[in-house]
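Visitor: Okay, handing you the structure first.
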Amino acid sequence: MIPFLDLKAQYVQIRPEIDAAVARVIGSGHFVLGPEVTAFEERFADYCRTAHCRAVNSGTSALHLALLAAGIGPGDEVITVSMTFVATTAAILYSGARPVFVDVDPVTWTMDPGLIEAAITPRTKAILPVHLHGLMADMDPITEIARRHGLVVIEDAAQAHGAEYRGRRAGSVGDLGCFSFYPGKNLGAFGEGGAVVTDRPEFARRVSLLRDWGQESKYDHIIAGYNCRMDEIQSAILNVKLDYIERWTEARRSLAERYDALLSDLPFARPQPPRHARHVYHVYAVRSQGRDDALTLLRDAGIGAGIHYPVPVHLQKAYAELGYRAGDFPVTEMLADEFLSLPIYPELLPEQAAEVVTTLRSAAALRPSVAGSGGAEHPQSVMTWSHNRRAS
C-alpha cells in the first residue's frame with residue numbers, strides 16, 4: 001500500500017517535540033490567542049517575508065477576513081478562478097461580493113493574466129489569484145493590472161507555503177496573502193488553522209479585530225466581528241513544524257524531480273513551473289485523457305491517488321446561481337477532466353515513487369491516447385497560445 005498522504009509517518013518523526021508542545025499548552029491553562037499564537041505569527045510573518053501575520057481558525061476564514069479587511073462587501077466583484085477548492089468562491093460570497101471567474105493558463109494552470117482586464121467592471125474591487133498545487137500565479141502582470149485599476153490583490157496561498165515567484169514568497173506579493181493549515185497542507189496543524197499575512201498595518205489591525213468579535217480590548221467591541229481565533233495547541237504544533245518546513249519542501253521538490261524523470265518517456269503531461277518559480281508541490285498532478293482508467297489502475301494496485309479538482313467551481317450545483325455554464329472556461333474544464341494527483345509527501349520513499357510510475361506505465365500501455373508529455377491534446381488555438389506563452 002502506498003497512501004496518497006501519510007500524516008502518521010510525519011508525526012512519528014517529530015513526536016517528542018509535538019507531545020512536549022501540546023503538554024506545555026495544556027499545563028499553561030492558556031488555550032486561545034496566547035503566547036504560542038503570538039510566537040507563530042511572528043515566525044510565520046518572517047518566513048513569508050512580510051511585516052504582519054494574523055492567525056485564524058481556518059484557511060476559509062483567512063480569505064473571508066482578508067476580503068472584509070480590504071473593504072470588499074455587497075455589490076462588489078472579485079475576479080478569481082474556477083480551478084480551485086470551493087472555499088475561494090465561498091469566502092467571496094461570505095463577504096457579500098460576487099465572484100467573477102476567468103480561465104487559467106494551460107501551461108501553469110493558474111490565473112491567466114491576459115484575461116483579467118476584459119473581466120473588470122465598475123464594480124470590480126479585487127483580484128484573487130490562486131496558487132494552485134504549490135505554484136504561484138503569474139503575479140507581476142496581475143499586480144500591474146490591479147495597480148492601474150485601483151484594485152486590491154489577495155493571494156489564495158492555501159497550497160503554497162514557501163513557494164516563490166521571482167524571489168518573493170507566497171503571500172508577500174499581493175496586498176494580503178491567505179494560508180490554510182489544514183492537516184494535509186505542506187505546513188499542517190492537527191486540526192483547522194489559517195493565517196493572513198500582509199505588509200499593511202491597517203489590514204493587519206482590521207483582521208485582528210474581525211477574528212475576535214471586533215474587540216479592541218476585552219468587551220470593547222468597536223466593529224462587528226467573528227469568532228475566528230486560532231487556538232494555542234494548533235499554534236504550538238505549527239511552531240514545531242515550522243522548524244521542518246524547508247526540509248520537507250526540498251524533499252517534495254526532490255520527489256517531483258524524480259517523478260519528472262521517471263515519467264519522461266510516458267505520455268502524461270507533467271507540471272511545468274517557470275524558471276523563475278519555486279514550486280512547493282503540495283500536489284503533484286499529471287494530465288491524462290485516460291485519467292479515469294489510470295486512477296482505477298492505481299487504486300487497484302493499492303496506490304492512493306486523487307483529483308484536484310474533478311468539477312470546477314463554476315459547474316458545481318451549489319454555485320449554479322452565478323450563471324456559468326459548461327464551455328465558459330475551456331482550459332479549466334479540460335484540466336478538470338485530465339488532472340490526476342499522485343502521492344507526494346516528504347516521507348514517500350524513492351522506490352515507492354518508482355512503483356507509482358510503473359503502474360502508470362501499465363495505464364499508458366492500455367490507453368495509447370493518454371496526453372502527450374508536452375501537454376494534453378486540445379484545440380490548436382490553445383496549443384499555439386500555450387507555445388507562445390512559454391516562448392515569452
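The values are calculated or read from the model by the stated rules, or taken from the named source; none is laboratory data. Quick caveat: nothing in here was measured; it's all calculated off a predicted structure. With ideal geometry, Cβ positions are generated from the backbone for all residues, glycine too; neighbour counts draw on all protein chains shown. Only protein heavy atoms, including side chains, enter the accessible area calculation; ligands, DNA and RNA are left aside. Shrake-Rupley method; radii C 1.70, N 1.55, O 1.52, S 1.80 Å.
Visitor: Quick check on LEU366: is it more than 18 Å from the chain's Cα centre (by Cα) and surrounded by 16 or more Cβ atoms within 10 Å (Cβ to Cβ)?
Guide: Against the criterion (more than 18 Å from the chain's Cα centre (by Cα) and surrounded by 16 or more Cβ atoms within 10 Å (Cβ to Cβ)), LEU366 does not qualify.
Visitor: If you scan the range 176-222, which residues turn out to be within 21 Å of VAL153 (Cβ to Cβ) and of a type in the set (Asp, Glu)?
Guide: Scanning the range 176-222 gives ASP199, GLU202.
Visitor: Quick test for you: out of ILE92, ILE14, ILE26, ILE72, pick the one residue that is touching a Lys or Arg at 6+ places or on another chain (Cβ under 8 Å), at negative phi and surrounded by fewer than 18 Cβ atoms within 10 Å (Cβ to Cβ).
Guide: Checking each option against the conditions leaves just ILE14.
Visitor: Can you tell me which residue in the range 137-176 is surrounded by the fewest Cβ atoms within 10 Å (Cβ to Cβ), limited to those that are part of a loop (DSSP other than H, G, I, E, B) and acidic (Asp, Glu)?
Guide: Out of the qualifying residues, it is ASP175.
Visitor: Mind checking which residues of the range 283-312 are more than 17 Å from VAL357 (Cβ to Cβ) and open to solvent by less than 30 Å² (accessible area, probe 1.4 Å)?
Guide: Listed by number, the list holds a single entry, PRO312.
Visitor: Hey, can you tell me all the residues within the range 181-191 that are under 15 Å from the mean Cα position of the chain (by Cα) and open to solvent by 10 Å² or more (accessible area, probe 1.4 Å)?
Guide: TYR182, PRO183, GLY184, LYS185
Visitor: Checking the condition within 30 Å of LEU298 (Cβ to Cβ) and open to solvent by less than 50 Å² (accessible area, probe 1.4 Å), which residue from PRO113, PRO99, PRO106 passes?
Guide: The unique qualifying residue is PRO106.
Visitor: OK, next. Among (1) closer than 21 Å to HIS133 by Cα; (2) open to solvent by 50 Å² or more (accessible area, probe 1.4 Å); (3) β-branched (Val, Ile, Thr), where does THR38 come up short?
Guide: (1)
Visitor: Are there any pairs, at least 6 apart or on different chains, whose C-beta atoms fall under 6 Å, with the first in the range 40-53 and within 18 Å of GLN234 (Cβ to Cβ) and of a type in the set (D, E, K, R) and the second open to solvent by 10 Å² or more (accessible area, probe 1.4 Å) and assigned to a helix (DSSP H, G or I), and if so, which?
Guide: Listed by first residue and then by second, the contacts come to ARG43/LEU242.
Visitor: Considering THR198, THR249, which residue is modelled with pLDDT of 95 or more, crowded, with 18+ Cβ neighbours inside 10 Å, β-branched (Val, Ile, Thr) and in contact with a Leu (Cβ under 6 Å, 6 or more places away or on another chain)?
Guide: So the residue among THR198, THR249 that is modelled with pLDDT of 95 or more, crowded, with 18+ Cβ neighbours inside 10 Å, β-branched (Val, Ile, Thr) and in contact with a Leu (Cβ under 6 Å, 6 or more places away or on another chain) is THR198.
Visitor: Based on this model, can you work out whether ARG54 counts as open to solvent by 20 Å² or more (accessible area, probe 1.4 Å) and in contact with a helix residue (DSSP H, G or I) (Cβ under 8 Å, 6 or more places away or on another chain)?
Guide: For ARG54, the condition - open to solvent by 20 Å² or more (accessible area, probe 1.4 Å) and in contact with a helix residue (DSSP H, G or I) (Cβ under 8 Å, 6 or more places away or on another chain) - is met.
Visitor: For residues in the range 322-345 being touching a strand residue (DSSP E or B) at 6+ places or on another chain (Cβ under 7 Å) and not in a helix (DSSP H, G or I), which is farthest from TYR259 (Cα to Cα)?
Guide: Here the residue is TYR324.
Visitor: Within the range 346-363, can you find the residues that are assigned to a helix (DSSP H, G or I) and either open to solvent by less than 40 Å² (accessible area, probe 1.4 Å) or touching a residue at least 40 places away in the same chain (Cβ under 8 Å) (or both)?
Guide: PRO350, GLN352, ALA353, ALA354, GLU355, VAL356, VAL357, THR359, LEU360, ARG361, SER362, ALA363
Visitor: Continuing with the same structure: For the range 258-276, enumerate the residues that are over 20 Å from the mean Cα position of the chain (by Cα) and either buried (at least 16 other Cβ atoms within 10 Å of the Cβ) or not hydroxyl-bearing (Ser, Thr, Tyr) (or both).
Guide: ARG258, TYR259, ASP260, ALA261, LEU262, LEU263, ASP265, LEU266, PRO267, PHE268, ALA269, listed by residue number.
Visitor: What is the number of the single condition among (1) over 20 Å from PRO113 (Cα atoms); (2) modelled with pLDDT of 95 or more that PRO312 does not meet?
Guide: Status for PRO312: all satisfied but (1).
Visitor: For the structure I just gave you, tell me whether LEU315 is under 20 Å from VAL102 (Cβ atoms), in contact (Cβ under 8 Å) with a residue 12 or more places away in the chain, buried (at least 21 other Cβ atoms within 10 Å of the Cβ) and aliphatic (A, V, I, L, M).
Guide: Considered against the rule, which asks whether it is under 20 Å from VAL102 (Cβ atoms), in contact (Cβ under 8 Å) with a residue 12 or more places away in the chain, buried (at least 21 other Cβ atoms within 10 Å of the Cβ) and aliphatic (A, V, I, L, M), LEU315 comes out as no.
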